[in-house]
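Notes follow the structure.
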Amino acid sequence: MSDHSRYDVMDGLIQLQRLRSVSSLACDAIARMPVDSVAEYEDIVSRICEFSPEDKEQERLDLIRSRYMEQEVLERIEAQSALSSAYAAFEFTLTMMAETVLRSSGLGLSLSDFHGKGIERAKVVLRKVGGVSSVFETPSWKKIKDYSELRNKIMHGGGLVGRGSEEAKKLAAIEYVELVDFGEGHDFMQVSLPAFLVRQAFAEFEAFLEALYEELEGKRKC
């Protein structure tokens, strides 16, 4: 096993840490959005001066409601984006480690010689050629598979699922995941990810890569 696997992991962890920082900044910025903007409210009222006092109060309430809705949508989009970016960095790092294992094996094989794709193909290589087993039997890998399901639905379906569908039930069964109404006039629900789940995903990705590297190193020293 070459030292390149160490650099693969280090580069992956650095990218995940950068993405984590960006996600945290985005969450903080969204949380600080003004909900009841006096300046904006006064501008609306000044342009619609013929409103009665009751109508003006309703306009104020509508403004507050719209701000809350905007905040919720932005938080949902940011969470989906952060999870997708983190998963992409994890998948890339896992693939690079699998390629390093293949190069070091001297078998003359490449990833294309193995079935599957993404993290599943990397897993096959790391188990069959790298001799790794323990890390793929942990609860962490199960959670990563759940994140994979969420990422695929976000990237390939905008996070939308049919109300009451088997797919909706499967995604809703993932811990901390919610399905919320998406607009009106149709039967779509949208995946909603709480900030806690996204933070957990970053932690799982990083811990898994570190554990994988340690197991590979253990195999190399045997």
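FYI, it's all coordinate maths here, none of it is from the lab. Quick caveat: nothing in here was measured; it's all calculated off a predicted structure. Cβ: placed from backbone, ideal geometry, glycine included. Neighbour counts: every protein chain shown.
Loop-resident trypsin sites (Lys or Arg not before Pro) (DSSP state other than H, G, I, E or B) in segment 149-218 with no more than 15 further Cβ atoms inside 10 Å of their Cβ: Arg163. Positive contributions from Lys and Arg (+1) and negative ones from Asp and Glu (-1), summed over other residues with Cβ under 12 Å from the Cβ of Asp28, come out at -1.
If the segment from Arg127 to His156 were pulled out straight at 0.36 nm per residue, it would be longer than the present Cα-Cα gap by 7.6 nm.
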